[in-house]
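Have a look at the structure below, then the notes.
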Number of protein chains: 2
Amino acid sequence: MKNEILYVLLNEYADHEPAFLAAAINCDERAIRTNPKYINKVVAPTLGEVRSCSGFRTVPDYSFDSMPEEYAALILIGGYQWMSEDAERVVPIVKCAIEKGIAVGAICNAASFLARHGFLNSVKHTGNGLEQLKLWGGENYTNESGYVHEQAVRDGCMVTANGSGYLEFAKELLLLLENDPPEYIEMFYRFQKEGFVKMCQSQNEHP
Amino acid sequence: MKNEILYVLLNEYADHEPAFLAAAINCDERAIRTNPKYINKVVAPTLGEVRSCSGFRTVPDYSFDSMPEEYAALILIGGYQWMSEDAERVVPIVKCAIEKGIAVGAICNAASFLARHGFLNSVKHTGNGLEQLKLWGGENYTNESGYVHEQAVRDGCMVTANGSGYLEFAKELLLLLENDPPEYIEMFYRFQKEGFVKMCQSQNEHP
C-alpha cells in the first residue's frame, strides 16, 4: 500500500521514539481518524513479537521478507540492537528506499546505523552527537561537515534525530509527509513539548 | 510478584503515556538493566493483543482474570476507551489497590475515569483539566478543591497527570517507587524534557 508508513522495530527498541509520530498519523486531537492520510505498519525481522526496551511485546504487521515494495515512509526506531545481525538486514531496505526517493526517518542509534553504512554522506543530518556518529561510522562516515547540532534535521526526504528529539522528529516527518496543515502540526508539537498547563497559562496571558 | 509494575492497557491506549516510565524502570542510561528493582508487565481485559491509538498491537502479560493479587504499582494508561465496558472491569482492581496502599498512577482519560468512580475525592490530584474531571465525574466527583493545575500531581500513593504530562507522570512515579536516587531521576526527566541539544548548550555555558 503506497500510503503505509513502515516502522522498523528491532528487539530492545525505544518505546517512546515511534509513539508521537505514529499517534499523530492515526489520530486527530480527540479520536482515531476516520479517514487517515497514512496507515501505520510495524516491520520487524520476523513475524514473531518484538520486545521493547521496557519489555513490552509488539506484534509486527510485516517481516523483512513480507514487507511491501511500495510505501510512503520508512522509519527506523532507535534502541540497543542497531549493531546486530538483524540490523544488517535493514541495509538493503534503506538503500532501496533512498533510491526510490521514499521518506526515511532515523532516530537515536538508528541514525548512527545510517552513519555506519554511509547513508548520511550526502545529506545534512543529526543523531546522538557527532562523536557517536564518527564512532559508529568509522571510515564509512565522511560527512562531518553535514552534521547539524539540532534535535532533528530534515534534508530532502531524510529526517534524523537524537533520542531526546522524539517530538522534533515527529514534527519534521509530519511536515515532510504533509500529514496536516503546518499550523496544526506546530500546535501538536507545542502542546506535547510545553504541556497543557503551560499552554493554558500563555492563553490566559495573551487572550 | 511483588516487584511487578502493572500497566493497564485498553484498546486505543495512548502509545506515549507508558513509554518513558516503563523505559526508565527497565533501562539505565545505556542499556537494559541487569538487575532492575521492578519488572514491567502489561495487563489487558483478555490475553489477546490490545491495539494502541497508533494501531500498534501489544501482547498482554496478564488478563484482568490472571493478574496477580500482589504487585508494586498499578498504572492506568489513557486512551479512548475509559468509558467502555472494559473500563468498568478496572473499578474493583483500583479499589483493591487503593485499599492495600499500592501505588496507583493514572494519566489523561484514565484520571477522568478515576474521577468518574469517586477515586479522587480524598487526594490532591490533576487530570485533563478541571472541566473534564467534572464532566466525567458528575455527582461522583466531589473534590474540586483537591484539583491542582499541574502537569502531574503526587499525593500519598496516587499520581495523576494530564496527557501531555507524560514526563512529569514518569518522574513522580519513579520518585514514589524510589526506582533510582532523586538526582538521577531529575536528570532523566530534564534530559527528556529539555533535550540533548539544550543540555549540551547549558553544560558549555556553565562548565
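The values are calculated or read from the model by the stated rules, or taken from the named source; none is laboratory data. None of these values were measured; they are calculated from a predicted model. When we count neighbours, we look across all protein chains shown, and the Cβ atoms used for this are built from the backbone with ideal geometry, even at glycine.
When you scan segment A:9-29, do you find a residue that is under 29 Å from B:Y62 (Cα atoms), without any contact (Cβ under 8 Å) to a residue 40 or more places away in the chain and either touching a His at 6+ places or on another chain (Cβ under 8 Å) or hydroxyl-bearing (S, T, Y) (or both), even just one? Yes. Collect the residues in segment A:173-207 that are assigned to a helix (DSSP H, G or I), surrounded by 14 or more Cβ atoms within 10 Å (Cβ to Cβ) and either among the aromatic types (F, W, Y) or more than 14 Å from chain B (Cβ to nearest Cβ) (or both), keeping them in residue-number order. Matches in segment A:173-207: A:L175, A:L176, A:Y184, A:I185, A:E186, A:F188, A:Y189, A:F191, A:F196.
Scoring A:Y147 on the criteria (1) surrounded by fewer than 24 Cβ atoms within 10 Å (Cβ to Cβ); (2) more than 14 Å from every other protein chain (Cβ to nearest Cβ); (3) in contact with a helix residue (DSSP H, G or I) (Cβ under 6 Å, 6 or more places away or on another chain) leaves a single failure, condition (2). Scanning segment B:1-49 for residues that are more than 7 Å from chain A (Cβ to nearest Cβ), of a type in the set (D, E) and surrounded by fewer than 24 Cβ atoms within 10 Å (Cβ to Cβ) yields B:E4, B:D28, B:E29. When the helices (runs of 4 or more DSSP H) confined to segment B:67-116 are screened for residues that are among the β-branched types (V, I, T) and under 16 Å from the mean Cα position of the chain (by Cα), those reaching at least 3 such residues are found at B:91-100. Within segment B:50-66, being surrounded by fewer than 19 Cβ atoms within 10 Å (Cβ to Cβ) and not in a strand (DSSP E or B) holds for B:F64, B:D65, B:S66.
Every residue in segment A:5-48 that is at pLDDT 95 or above, of a type in the set (D, E) and within 20 Å of B:E12 (Cβ to Cβ), please. The one that is at pLDDT 95 or above, of a type in the set (D, E) and within 20 Å of B:E12 (Cβ to Cβ): A:D15.
Quick check on my filter: what residues within segment A:30-40 are under 12 Å from A:K2 (Cα atoms) and either in a strand (DSSP E or B) or within 15 Å of the chain's Cα centre (by Cα) (or both)? Even if it seems obvious, please write down each step before you answer.
The initial filter retains those residues of segment A:30-40 that are under 12 Å from A:K2 (Cα atoms), namely A:37-40.
Selection gives A:Y38, A:I39, A:N40.
Selection of first residues in segment A:159-174 that are more than 14 Å from A:A19 (Cα to Cα) and of second residues that are of a type in the set (D, E, K, R) and assigned to a helix (DSSP H, G or I), restricted to Cβ pairs under 8 Å at least 6 apart or on distinct chains, gives the following pairs, ordered by first then second residue: A:V159/A:E172; A:A161/A:E168; A:A161/A:E172.
When residues in segment B:135-144 are screened for being surrounded by 17 or more Cβ atoms within 10 Å (Cβ to Cβ) and not in a loop (DSSP other than H, G, I, E, B), 2 of them pass. Just one of the listed residues (B:D155, B:D180) is among the charged types (D, E, K, R) and in contact with a His (Cβ under 8 Å, 6 or more places away or on another chain), and it is B:D155. Among the residues of segment B:150-169, those identified as part of a helix (DSSP H, G or I) and at the interface with another protein chain (Cβ under 10 Å from one of its Cβ atoms) are B:Y166, B:L167, B:E168. In the set (1) touching a residue at least 40 places away in the same chain (Cβ under 8 Å); (2) within 13 Å of another protein chain (Cβ to nearest Cβ), A:R57 fails one condition alone, (1).
When B:Y71 is tested against (1) touching a helix residue (DSSP H, G or I) at 6+ places or on another chain (Cβ under 9 Å); (2) within 14 Å of chain A (Cβ to nearest Cβ), only condition (2) is not met.
Take the conditions surrounded by 22 or more Cβ atoms within 10 Å (Cβ to Cβ), touching a strand residue (DSSP E or B) at 6+ places or on another chain (Cβ under 7 Å) and within 28 Å of A:F191 (Cβ to Cβ) and apply them to A:I75. Does it pass? I'd like the intermediate steps shown before the answer.
On the way: surrounded by 22 or more Cβ atoms within 10 Å (Cβ to Cβ): yes; touching a strand residue (DSSP E or B) at 6+ places or on another chain (Cβ under 7 Å): yes; within 28 Å of A:F191 (Cβ to Cβ): yes.
Against the criterion (surrounded by 22 or more Cβ atoms within 10 Å (Cβ to Cβ), touching a strand residue (DSSP E or B) at 6+ places or on another chain (Cβ under 7 Å) and within 28 Å of A:F191 (Cβ to Cβ)), A:I75 qualifies.
Among A:S202, A:S145, A:S122, A:S112, which is the only one that is farther than 25 Å from B:L167 by Cα and without any contact (Cβ under 8 Å) to a residue 12 or more places away in the chain? Going through A:S202, A:S145, A:S122, A:S112 in turn, the sole match is A:S145.
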